[in-house]
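The values are calculated or read from the model by the stated rules, or taken from the named source; none is laboratory data. Remember, it's a predicted structure, so these values are computed and weren't measured experimentally. Note that each Cβ is placed from the backbone with ideal geometry, even for glycine, and that neighbours are counted across all protein chains shown. With ligands, DNA and RNA removed, areas are computed over all heavy atoms of the protein, side chains included. Shrake-Rupley method; radii C 1.70, N 1.55, O 1.52, S 1.80 Å.
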Amino acid sequence: MTEKATLTDKATLTVGDRSIELPVITGTENELAVDITSLRKETGMVTLDPGYVNTGSTLSSITYIDGENGILRYRGYPIEELAERSNFVETSYLLIKGELPNSEEYEKFRQKLRVHSMIHEDLKHFYDGFPSSAHPMAILSAMVCSLSTYYPEAVESEEDTDLTVCRLLSKVRTIAAYSFKKSVGQPFIYPNNSMSYCANFLYMMFGMPTEQYQPDPEVEKALNLLLILHADHEQNCSTSTVRMVGSSQTNLFACISAGICALWGALHGGANQRVLEQLEYIHESGGNVEKFVAGVKDKSEGQRLMGFGHRVYRNHDPRAKIIKEACHNLLNHLGVSDQYLDIALRLEEVALSDEYFIERKLYPNVDFYSGIMYRAMGIPTNMFTVMFALGRLPGWIAHWLEMRDSPDNRIHRPRQIYTGEKLRHYPA
Ligand code: ACO
């Protein structure tokens, strides 16, 4: 059982001639926080922190990040060990339940994911309403929210919760694969429940009714790895969105749908698509990496180096390190040489030795190399963020459950400092 945060000290805040004491709490990894819950009651003041750069919104026992030292752990387990030895289904169980499953628990969980892989036949018709050019993230979000119309019972009891969670984990994979099939105008392929979670996804993506399709075990392994690396990242934009929406007590499907929308943006999960587009742009405009980096530094076009920088990591992103190596391995295995990988390697080299990036502590993040791996697997660029969502799903679910079960699960409702007009009256 994880220890709770403990009250370890007091901070004194002085405003004018008045001082108040605020509790200082310490987490299990010695992270310190000043608890300002009583600040407004005692002083009438609120804190101001645009973008929540320095605000802890919750206590959480799911994921630990030390951004200075490039550490990421799920439920205490280092990401490097999970990436090497676990698989996505087991990691999902770990995040959601808090412990690694024993073999019986694992089999039971896997079986549940297997039997809930199909979506209702009527739900398939929803795809007819989308244009074939629709972005798959829009389809994913709409379809996940629509699941709530088929499963309104949602989470009355623990058993219901378990069922809803397994339905989500399994069906989102099917919905994601069908979004791709819709975009290329191919028939939907029903899941093959004799396959593993990742193999089944590849089967629904690339299988055809007219021919046998057996996923390459190395591609399946690479997919497992990518999904594990994306599975959680504590209070990021989309996860905070899931918790925020969930705090109003809406259903889990709606919360995940909101999380998907938050993830879509270019500064968050949408960055993986933008990285590939950026590499494509550099390639098509002659491959001059130095010129591109100079343009980013110049800032006149508002262009950022996508896949670089992170709010929390200030040294390196441990996920990027693992992905870079896996990317080389996958390309070697597939016998693919990708000109975009060469550009990415050069971009990384140039940026990492440039004062602009060094000063600002900007390093490649998880999105920098993941797109090249997805591309090698045959996944189109506009599906990259969908892949991210598929990976992040167990993290969102774990946070939603933690939020729901917390004794302090009040509706999320930040304050503001009003800077508009003072009272004025409507013209007579
Ligand atoms: N390229 C160029 N400059 C950058 C980049 C970048 N990728 N990231 C940050 N900077 C610069 C900013 O312009 C700013 O410079 P300034 O001090 O001269 O004004 C400084 O670094 C700090 O940037 P902030 O925006 O304050 O950093 P913040 O922590 O708010 O943003 C973010 C983090 C959004 C990830 C940012 O680094 C970024 O936009 N990166 C590119 C998009 C990306 O890869 N997103 C994926 C993040 S990982 C994920 O969500 C899965």
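Hey, any hits in region 15-26 for a residue that's more than 29 Å from H316 (Cα to Cα), among the polar types (S, T, N, Q) and without any contact (Cβ under 8 Å) to a residue 12 or more places away in the chain? Checked region 15-26: at least one residue is more than 29 Å from H316 (Cα to Cα), among the polar types (S, T, N, Q) and without any contact (Cβ under 8 Å) to a residue 12 or more places away in the chain. Within the option set G44, G70, being at pLDDT below 95 and touching a helix residue (DSSP H, G or I) at 6+ places or on another chain (Cβ under 6 Å) holds for one residue only, G70.
Name the residues in region 297-309 that are in contact with a helix residue (DSSP H, G or I) (Cβ under 8 Å, 6 or more places away or on another chain), within 17 Å of L347 (Cα to Cα) and surrounded by fewer than 22 Cβ atoms within 10 Å (Cβ to Cβ), would you? Correct list: K297, Q303, R304.
All conditions but one from (1) in contact with a helix residue (DSSP H, G or I) (Cβ under 9 Å, 6 or more places away or on another chain); (2) touching a residue at least 60 places away in the same chain (Cβ under 8 Å); (3) over 30 Å from D160 (Cβ atoms) apply to P414; the one that does not is (2).
Yes/no matrix, rows are residues, columns are (1) assigned by TED's automatic domain parsing to the domain that holds L169; (2) at pLDDT 95 or above; (3) near the ligand (Cβ under 10 Å from one of its atoms):
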site: D232; (1), (2), (3): yes, yes, no
site: Q235; (1), (2), (3): yes, yes, no
site: V242; (1), (2), (3): yes, yes, no
site: Q249; (1), (2), (3): yes, no, no
site: C255; (1), (2), (3): yes, yes, no
site: I260; (1), (2), (3): yes, yes, no
site: E277; (1), (2), (3): no, no, no
site: S285; (1), (2), (3): no, no, no
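Taking (1) over 25 Å from V89 (Cα atoms); (2) in contact with a His (Cβ under 7 Å, 6 or more places away or on another chain); (3) touching a residue at least 60 places away in the same chain (Cβ under 8 Å) in turn, R392 satisfies each apart from (1). Can V312 be described as open to solvent by less than 60 Å² (accessible area, probe 1.4 Å), touching a strand residue (DSSP E or B) at 6+ places or on another chain (Cβ under 6 Å) and at negative phi? In short, yes. For region 264-275, a residue qualifies if it is closer than 30 Å to R410 by Cβ and near the ligand (Cβ under 8 Å from one of its atoms), and the qualifying residues are L267, H268, G269.
When G269, G287 are checked against the criterion of being part of a loop (DSSP other than H, G, I, E, B), open to solvent by 10 Å² or more (accessible area, probe 1.4 Å) and not charged (D, E, K, R), G287 stands alone in meeting it. Inside region 49-70, can you point out the residues that are within 16 Å of the ligand (Cβ to nearest atom) and of a type in the set (A, V, I, L, M, F, W, C)? Selection gives V53, I65.
Are any of the residues in region 294-316 away from the ligand (no atom under 13 Å from the Cβ), at pLDDT below 95 and more than 21 Å from the chain's Cα centre (by Cα)? No, the conditions are met nowhere in region 294-316. Considering the conditions (1) within 30 Å of P191 (Cβ to Cβ); (2) at pLDDT below 95, K97 is excluded by exactly one of them, (2).
Of all residues in region 43-91, those that are in contact with a Gly (Cβ under 9 Å, 6 or more places away or on another chain) and outside any loop (DSSP other than H, G, I, E, B) total 4.
Could you pull out the residue among S86, S132, S103 that is in the same structural domain as S179 (by TED's automatic domain parsing) and open to solvent by less than 60 Å² (accessible area, probe 1.4 Å)?
Details: S132 fails: open to solvent by less than 60 Å² (accessible area, probe 1.4 Å); S103 fails: open to solvent by less than 60 Å² (accessible area, probe 1.4 Å).
So the residue among S86, S132, S103 that is in the same structural domain as S179 (by TED's automatic domain parsing) and open to solvent by less than 60 Å² (accessible area, probe 1.4 Å) is S86.
Considering every residue within region 27-41, establish whether at least one is open to solvent by 40 Å² or more (accessible area, probe 1.4 Å), over 26 Å from I323 (Cα atoms) and in contact (Cβ under 8 Å) with a residue 60 or more places away in the chain. There is at least one residue in region 27-41 that is open to solvent by 40 Å² or more (accessible area, probe 1.4 Å), over 26 Å from I323 (Cα atoms) and in contact (Cβ under 8 Å) with a residue 60 or more places away in the chain. Within region 218-250, being more than 28 Å from N365 (Cβ to Cβ) and open to solvent by 60 Å² or more (accessible area, probe 1.4 Å) holds for S248, Q249.
Filtering region 294-304 for residues that are among the charged types (D, E, K, R), in the same structural domain as M373 (by TED's automatic domain parsing), over 28 Å from D232 (Cα atoms) and not in a loop (DSSP other than H, G, I, E, B) leaves a non-empty set.
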